[in-house]
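This report refers to the structure that appears directly beneath it.
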Amino acid sequence: MPDEDFTSIEAALQVVEKFASRLTVGDAEGHVRRSVDELCAAVTKKEGIEPAVDRLLRSLRGLDDFGAAATRRRDFGRESPAVDRLLDAVQEELLPALRRVGYQV
């Protein structure tokens, strides 16, 4: 796959990284940030992208479930704009870019 095919993926990853870096509350958010880092490394190596996307999506679902828990609702409320933007960036930019170049994500 030519390098130019990865231009849109890298641009989408930059947006995802930007919003992931804004998550600061706790372990679940750290897991999301680590999943984003793992995906960035996979894209750089151009291998293992689908499993890295799966882990990112699972960590985002976990963050969403965690945010709904009553014990963390107040802290999560401060994070929810960044979480919403992160989810939008993944769903509207990253996944379509990966699909355009043939990844099954």
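A quick yes/no check of all residues on (1) on the phi > 0 side of the Ramachandran plot; (2) at pLDDT 90 or above; (3) β-branched (Val, Ile, Thr); (4) not in a helix (DSSP H, G or I):
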| residue | (1), (2), (3), (4) |
| --- | --- |
| Phe19 | no, no, no, no |
| His31 | no, no, no, no |
| Ser35 | no, yes, no, no |
| Leu39 | no, yes, no, no |
| Pro51 | no, yes, no, no |
| Leu87 | no, no, no, no |
| Gln91 | no, yes, no, no |
| Pro96 | no, yes, no, no |
| Gln104 | no, yes, no, yes |
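Check the stretch 32-52 and report whether any residue there is farther than 19 Å from Val83 by Cβ and among the acidic types (Asp, Glu).
For the stretch 32-52, residues farther than 19 Å from Val83 by Cβ and among the acidic types (Asp, Glu): present.
Does the stretch 74-83 include one or more residues that are modelled with pLDDT of 90 or more, of a type in the set (Gly, Ala, Ser) and either part of a helix (DSSP H, G or I) or crowded, with 16+ Cβ neighbours inside 10 Å (or both)?
The answer is no, given that none of the residues of the stretch 74-83 is modelled with pLDDT of 90 or more, of a type in the set (Gly, Ala, Ser) and either part of a helix (DSSP H, G or I) or crowded, with 16+ Cβ neighbours inside 10 Å (or both).
The values are calculated or read from the model by the stated rules, or taken from the named source; none is laboratory data. Just so you know, these numbers come straight off a predicted model, no measurement behind them. Please note: Cβ atoms are built from the backbone with ideal geometry, for glycine as well, and neighbour counts cover all protein chains shown.
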